[in-house]
Structures are given as structure tokens and as C-alpha cells.
Amino acid sequence: MNSAKYANLPDIDTAPDVYETEDVSPLEQGNKGDGSDEERERPRKHGEAEDGEELDSSSLIAMDAASLRFKKAEQRRERLRTTYEDDDEPAKLTLSHRLQALQIELGALEAEMADPTNPQVSKEKDPGELIRGIVDVRDRLEHMRKGKEGRGRLVGVVLEDHGSKEIQDKDTDIDEKDGSEKRPSLGLVEMDERVGQLEKLVGSSTTALDELSPLPPPLVPLITRLNAQLTLLTQPRHIDSISRRLKLLLSDLDRTAAHSHRRQGSQPNAAATTTAEQLVPLLNRLGSSLPQIPHVLARLRTLSGLHAAASEFDATLKGLEEEQRQIKESLAELEGAVEGVEKSLEENRGVVKGNVEGLEDRMNKLFKRLDEIQV
């Protein structure tokens with residue numbers, strides 16, 4: 001209907017656009033050289049079928065030149081073509097990388113939520129829900145991170161070989177999920193009890209993890225040092241020297257005891273006995289608190305610095321009080337001087353006022369005399 005409507009109008013181009021070319025697939029590009037001869041023969045066939053209504057092609061470029069030009073354009077387009085990975089095969093990332101990516105994304109989300117100028121925050125109906133969700137995700141990430149540190153890491157390393165088989169069974173068999181979850185939990189409880197017993201034996205269970213109470217010395221260097229000392233002591237020459245010194249000490253003790261018996265007779269020394277009786281319960285009390293003595297000494301060393309700083313602070317405070325007293329005295333002197341200056345200014349103002357009044361009287365008298373002389 002449209003063609004019949006506009007058929008009588010002049011200058012209506014109904015011929016196809018000669019510049020339009022159909023897209024060439026990559027499979028057909030290899031056959032472009034073979035098809036060039038066919039494209040060269042097409043103008044002849046079309047020229048035979050042309051009539052007066054078609055567009056005049058005398059001013060157009062030749063078909064072989066056009067084919068060469070479009071062939072170069074197709075080759076250039078193929079060179080610039082890029083390939084993308086298939087979404088069905090995602091990159092295999094480790095759990096640590098995925099956890100780090102989640103932490104980075106969570107930090108970026110918190111920064112966007114903290115920005116008051118962000119328009120996306122104002123669009124939300126309830127920003128409190130977003131903040132609550134962010135806090136929940138951060139708590140879960142912290143729980144996962146703490147599970148890989150300290151005692152959780154030790155338990156994970158110990159139970160890695162024993163728990164791998166149970167984890168595989170749990171993934172393959174869904175019906176036995178509850179039983180497989182109870183076994184690692186029981187193993188973790190037993191491992192925690194064993195670690196607690198080891199801490200009690202080592203002595204680190206009652207140690208506070210802060211900077212003022214240091215941790216007990218590590219066992220490996222201590223055992224190495226004891227082994228070296230034991231090796232030195234078990235040598236024959238050291239044993240002989242120790243035995244000789246013990247014999248000399250025993251002989252000295254025998255002579256001392258004989259001398260005390262000869263001097264005091266058969267009466268025992270009441271003062272020495274009383275002192276020994278007083279020392280025995282003290283030694284018993286100290287024996288139970290020997291592990292805490294190093295920590296007490298370390299704490300006293302830290303407090304000694306604090307006491308020294310307190311004494312210096314006392315001296316500084318006294319110096320400041322003395323300076324404040326001197327400043328008060330100087331301020332009192334300055335106030336007295338200012339009051340004297342104010343009094344002198346008042347007196348000078350009265351004197352100046354009287355001088356000005358006297359000068360005005362004299363000037364008035366002088367003006368009267370001048371008027372009388374002029375008259």
C-alpha cells in the first residue's frame with residue numbers, strides 16, 4: 001500500500017544500497033580468496049539484468065577494489081577481537097584468598113555506609129538493618145579468623161588427619177550428619193582437656209596474657225640447658241671435684257659441731273633452736289609460692305620504675321607550686337604598682353585640669369583687655 005501511495009513521487013530511490021555488505025563469519029574468511037573470482041563475475045550478471053530504474057553505478061568504485069578494502073577491514077576486526085572466559089568455569093581460589101576478598105569487600109561496604117553523602121544510603125528504607133547485617137558478617141569473619149589462631153589452630157592441626165575421613169563421610173552421606181558432627185565435637189573436648197592438662201604441667205594456665213606478667217620460659221631451651229648442665233655434671237672429673245668438696249665441707253661441719261659442744265657443753269643453744277623453728281614454717285610457706293616469686297619480682301621491677309617516676313613527679317609538683325607562689329607575689333607587686341600609677345594619673349589629671357582652667361581665665365582676661373584697648 002505504501003509503495004502504491006508514493007509511486008508517483010519523483011526522486012524516490014527504491015534500489016538497494018550498494019555500500020551495505022553482509023557480515024562475514026570467521027569460517028568464511030578462509031574462503032574469501034576463492035570467492036573473489038565469483039564476486040568479480042557478479043557485476044557482469046547484474047549488468048545484464050539492470051534496467052533504467054536502478055541507480056547509475058558509473059561513479060562507484062570497482063567491485064575488486066571494494067572487496068580488497070572490506071577484506072582488510074574484516075581482517076583488522078578479527079585482530080581486535082578478544083576472547084572471554086566462560087562463566088561456567090570460575091577461577092579456583094583458595095579459602096584464604098576468598099576470606100581476604102570478603103574482608104576487603106566488607107571494609108569497602110562499611111566505608112560506603114559511613115559516608116553521609118552517599119545517595120544509596122538515603123535510598124534504603126532502614127539503614128539499621130544494613131548496619132546490623134554488616135556487624136553480623138564481621139563477627140562471623142572474626143570467629144573464623146580466631147578459629148585459625150592459638151588453641152584452635154593447634155587443635156585443627158592435630159585433628160586434621162583424624163577429621164578428614166569424618167568430613168568426607170559427612171559430605172557423602174547426609175543421613176549420618178548428626179553422628180559425624182558429634183564425633184569431632186567429642187574429639188575437640190578431649191583435646192581441650194589434654195591441652196589444659198599440658199598447660200597445668202607447663203605452668204602457663206595461670207599466667208595472665210598482658211605485658212606486666214611475662215610468660216614462663218619456653219621448655220625446649222630450658223631442657224637443652226638442663227641437659228648440658230647434666231652432661232657437665234656427669235663427667236668423672238666434675239664428680240670427683242664435687243665429692244672432694246663435700247668431704248671438706250663435712251669435715252668442716254664436724255669440727256664446728258665439736259667446737260660448739262666443747263664450748264657450751266651438753267646444753268643446746270636455745271636461740272639457734274628457736275630461730276630454726278621459726279625458719280621451718282617460713283620455708284614451708286615459701287615452697288608453695290616458689291613459682292609465683294619470679295612474677296612477683298618482675299612486677300616489683302615494673303613498680304620500681306613507677307615509684308621513681310612518682311618521686312620525680314612529686315619534685316616537679318613542688319617546683320610548680322613554688323613557681324606559682326612566685327608568680328602570685330609578682331602579680332601582687334604589679335597590682336600595687338598599677339594602683340600607684342592610677343593614683344598618680346588621677347592627681348596629674350586634677351593638676352592639668354586646674355592649669356587649663358587658669359589658662360582659660362587668663363585668656364579671657366587678655367581678650368577683655370584687648371577689647372578695651374581697641375575701644
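Summary of values
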item: Flag for ARG362 being free of Cβ contacts under 8 Å to residues at least 12 places away in the same chain, under 60 Å from the mean Cα position of the chain (by Cα) and part of a helix (DSSP H, G or I); result: no
item: Hey, SER311 out of contact with any His (no Cβ under 9 Å at 6 or more places or on another chain) and modelled with pLDDT of 90 or more or not; result: no
item: Considering residues of segment 108-119 that are assigned to a helix (DSSP H, G or I) and surrounded by 11 or more Cβ atoms within 10 Å (Cβ to Cβ) only, the residue nearest to the chain's Cα centre (by Cα); result: GLU110
item: Among (1) part of a helix (DSSP H, G or I); (2) modelled with pLDDT under 80 - the single one LEU226 does not satisfy; result: (2)
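Okay, residues lined up against (1) under 30 Å from LEU232 (Cα atoms); (2) surrounded by 10 or more Cβ atoms within 10 Å (Cβ to Cβ); (3) of a type outside the set (A, V, I, L, M); (4) at pLDDT 85 or above:
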| residue | (1), (2), (3), (4) |
| --- | --- |
| ASP252 | yes, yes, yes, yes |
| ARG263 | no, no, yes, no |
| SER266 | no, no, yes, no |
| ALA271 | no, no, no, no |
| ASN284 | no, no, yes, no |
| PRO294 | yes, yes, yes, no |
| LEU300 | no, yes, no, yes |
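Conditions tested, residue by residue: (1) over 60 Å from the mean Cα position of the chain (by Cα); (2) more than 30 Å from LYS200 (Cβ to Cβ); (3) in a helix (DSSP H, G or I).
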{"residue": "THR274", "(1), (2), (3)": "yes, yes, yes"}
{"residue": "LEU283", "(1), (2), (3)": "no, no, yes"}
{"residue": "PRO291", "(1), (2), (3)": "no, no, no"}
{"residue": "LEU317", "(1), (2), (3)": "no, yes, yes"}
{"residue": "ILE327", "(1), (2), (3)": "no, yes, yes"}
{"residue": "LYS343", "(1), (2), (3)": "yes, yes, yes"}
{"residue": "ARG369", "(1), (2), (3)": "yes, yes, yes"}
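The values are calculated or read from the model by the stated rules, or taken from the named source; none is laboratory data. Model, not experiment: these values are computed from the prediction. A quick note on method: Cβ atoms are made from the backbone with ideal geometry, for glycine too, and the neighbour counts reach across all protein chains shown.
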